[in-house]
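Heads up: the structure comes next, in structure tokens.
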Amino acid sequence: MDSKSLLLAAKVLPVLVIERVEDAVPLAKALVEGGIKVLEVTLRSDAALGAIEAIRANVDDAVVGVGSVRTEAEWHAAVAAGAQFGVSPGCTTALADAVSKGPVPFVPGVATPSEAMKMAEYGFEVVKLFPATVVGGVGLLKAMSGPLADIKFCPTGGVGPANAKDFLALPNVVCVGGSWMVDNANIRAGNWLAITEAAKQAVEACTL
Ligand code: 3PG
């Protein structure tokens, strides 16, 4: 599936930091149970690649991607571990060259119209606006929806229940990302029911 269809169907993309590989499968199952099936496992822990591998092998209903990708080597390692899509906070020319070649969808990060235009030149249909609320949020996306109407965004960074619908109502927003719905204390405590409940609330907060 291409990144646009994937994110349009998802509506909300949880940005996950998984500290222990053994938490990956119950966490993914809890999120799927709560209605969140597309998951971004960030490369911010040593367990990330193992977590991606475990989710891919054991949670059929989930679509697992890798986040916080910065280098070609990280991308190849994540794809080898089973990542079905990738996300980055920003994008260098080297990274764009690497991730635009293969068949696995990638959502590069941008913060300005020029960066969005550059990624569109590479053929990326959807880009991540990051850190969304800091660089202009809803106002910036509205302003870009005229001249850059074909470029679609997944705003992430500062998105939560209070503003998710404002973003999703924009014509150039296909999905919102964020960490708000997964409390890492619940992961550490194995409180999967609380995670399922929070996922349900996040889906509700992202349903127009
Ligand atoms: C990201 O990596 O996309 C952000 O850290 C998520 O931002 P948030 O924590 O404000 O949701």
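Observations
- Residue check: residue 138 meets all listed conditions (1) closer than 24 Å to residue 78 by Cβ; (2) within 16 Å of the ligand (Cβ to nearest atom) but one, namely (1).
- Some residue of the stretch 116-130 being more than 12 Å from the ligand (Cβ to nearest atom), of a type in the set (Phe, Trp, Tyr) and either more than 24 Å from residue 2 (Cβ to Cβ) or crowded, with 17+ Cβ neighbours inside 10 Å (or both): yes
- Evaluation of residue 133 against (1) closer than 23 Å to residue 179 by Cα; (2) away from the ligand (no atom under 16 Å from the Cβ) (one fails), failing number: (2)
- Residue under evaluation residue 112, criteria (1) polar (S, T, N, Q); (2) touching a residue at least 24 places away in the same chain (Cβ under 8 Å); (3) away from the ligand (no atom under 16 Å from the Cβ), criterion not met: (2)
- In the stretch 174-186, the qualifying residues are those that are more than 16 Å from residue 204 (Cβ to Cβ) and hydrophobic (A, V, I, L, M, F, W, C), and the one that is surrounded by the fewest Cβ atoms within 10 Å (Cβ to Cβ) is 185.
- Condition check for residue 45: of a type outside the set (Lys, Arg) and in contact (Cβ under 8 Å) with a residue 12 or more places away in the chain: yes
- Positions within the stretch 141-173 being within 16 Å of the ligand (Cβ to nearest atom), part of a loop (DSSP other than H, G, I, E, B) and surrounded by fewer than 24 Cβ atoms within 10 Å (Cβ to Cβ), in sequence order: 157, 158, 160, 161, 162, 163
- Summed over the stretch 87-109, the residues that are small (Gly, Ala, Ser), in contact with a Ser or Thr (Cβ under 9 Å, 6 or more places away or on another chain) and within 16 Å of the ligand (Cβ to nearest atom) give a count of 2.
FYI, it's all coordinate maths here, none of it is from the lab. None of the values given here were measured: they were computed from a predicted structure. Don't worry about glycine lacking a Cβ; one is built from the backbone with ideal geometry, like all the others, and counts go over all protein chains shown.
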